[in-house]
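I have placed the structure first, in the form of structure tokens, so that the comments after it can refer back to it.
The values are calculated or read from the model by the stated rules, or taken from the named source; none is laboratory data. As the structure is a computational prediction, the values presented were derived from the model and not from experiment. Glycine gets a Cβ as well: all are built from the backbone with ideal geometry, and neighbour counts include every protein chain shown. Heads up: the accessible areas ignore ligands, DNA and RNA and are worked out on the full protein's heavy atoms, side chains in. Shrake-Rupley method; radii C 1.70, N 1.55, O 1.52, S 1.80 Å.
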Amino acid sequence: EIVTASDGDGTLAELCVIETGDVFRAELRARRRVERAAELTVWCGAPEGDRGDWLVEKLAELGVAALQPVDTERGRWERAEVRADRWRRLAIAALRQSRAAHLLRVLPAAPLGDLLASGRPTGGALLADPDGGPFRPATRGQPGTTTTAVGPSGGFSAAELKRLEDSGFVRTRLTASRLRTETAAIAIAALVLAFAESPEPPERGIVVAPEP
């Protein structure tokens, strides 16, 4: 049987299975390097309950490079340290399911102030905000580095919003309604990656054809 394998670091290999059981042996048929369409890091405040598991799984399927859990004035990732191993297992399972070449990195939780004090994000910086302007991708049809910021379930405080804007984050509206933390994180990640992969993204956003 021919199977596909990945090292999680951008390499995909085609293998022919020779033996299974106590010993697994496979013959390498082909190998190729896959580059990311965009190097996307998602800064995310704490969602409610155990929704972090779902967030990790879906960001991994989308092809996000890194998830940075962010502690804010209105929310802390109380169980991030004890769930680190589980999140890595979820990311690996999502890598297998999506047959991707890159493994999501889940970074240790850090206070927003510490992240901003370490310097301005390189590349584009987008802040999910229901009061922001229309979505405008930071990169169009070319590889790039982008950081997105999403508030906790209670939202960023006014002071945090100002600090993010002062650090170069652009407020971006995703929908006409207010989204849950994990939904907003996945939505903005999907938009950024979709525009990065498309050589000619639409000028007026995504168009849905009417039903006949």
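Rounded to the nearest 10 square angstrom, GLU35 shows an accessible area of 140 square angstrom against a 1.4 Å probe. Note on the chain: GNM, Cα springs under 10 Å; of VAL170, VAL82, VAL70, the largest mean-square fluctuation is that of VAL82.
Couplings 3J(HN,Hα) of region 159-169, computed from phi: 5, 5, 4, 5, 5, 5, 5, 5, 8, x, 6 Hz, in residue order, whole Hz [Karplus 6.51 cos²θ - 1.76 cosθ + 1.60, θ = phi - 60°; x for Gly and Pro].
Between ILE18, ILE188, ILE92, the Gaussian network model of the chain with springs among Cα atoms under 10 angstrom shows the greatest mean-square fluctuation at ILE18. Amide hydrogen proximity for CYS44: with H placed 1.01 Å from N in the peptide plane, the residues at 5 or more positions away or on another chain lying under 5 Å are GLN68, VAL70, VAL150.
Whenever you get a sec, line up SER118, SER6, SER167 from highest to lowest accessible area (probe 1.4 Å, protein heavy atoms).
Details: SER118 100, SER6 50, SER167 20 Å².
Solvent-accessible surface, decreasing: SER118, SER6, SER167.
Once the Cα-Cα distance is subtracted from the 0.36 nm per residue extended length, the LEU12 to SER157 segment shows a gain of 47.9 nm. The modelled label-to-label distance for the pair VAL82/ARG32, using points 7 Å beyond Cα in the direction of Cβ, is 4.5 nm.
Taking a cut-off of 27 Å, what percent of all Cα-Cα pairs in the chain are separated by more than that? Intermediate values should be presented prior to the final figure.
Values: 8076 of 22366 pairs.
Percent of Cα pairs beyond 27 Å in the chain: 36.
Determine the per residue accessible area of the chain with all protein chains present and a 1.4 angstrom probe, expressed in square angstrom.
Details: 12240 Å² over 212 residues.
Counting only protein heavy atoms, the per-residue value for the chain is 58 Å².
Using a Gaussian network model on the chain with a 10 Å cutoff between Cα atoms, which of GLY119, GLY154, GLY21 fluctuates the most? Comparing GLY119, GLY154, GLY21 in a Gaussian network model of the chain, the most mobile one is GLY21. A cut-off of 5 Å between modelled amide H atoms, ignoring neighbours fewer than 5 places along the same chain, links ASP129 with THR172, ARG173, LEU174.
Count the net charge of all other residues whose Cβ sits under 11 Å from the Cβ of LEU15, scoring Lys and Arg as +1 and Asp and Glu as -1.
Details: positive: ARG25, ARG29, ARG31; negative: GLU1, GLU14, GLU27.
It works out to a net charge of 0.
Only helices enter the 222 nm calculation for the chain: every DSSP H run of n ≥ 4 contributes -39,500 (n - 2.57), and dividing by all residues gives -8500 deg cm²/dmol, rounded to 500.
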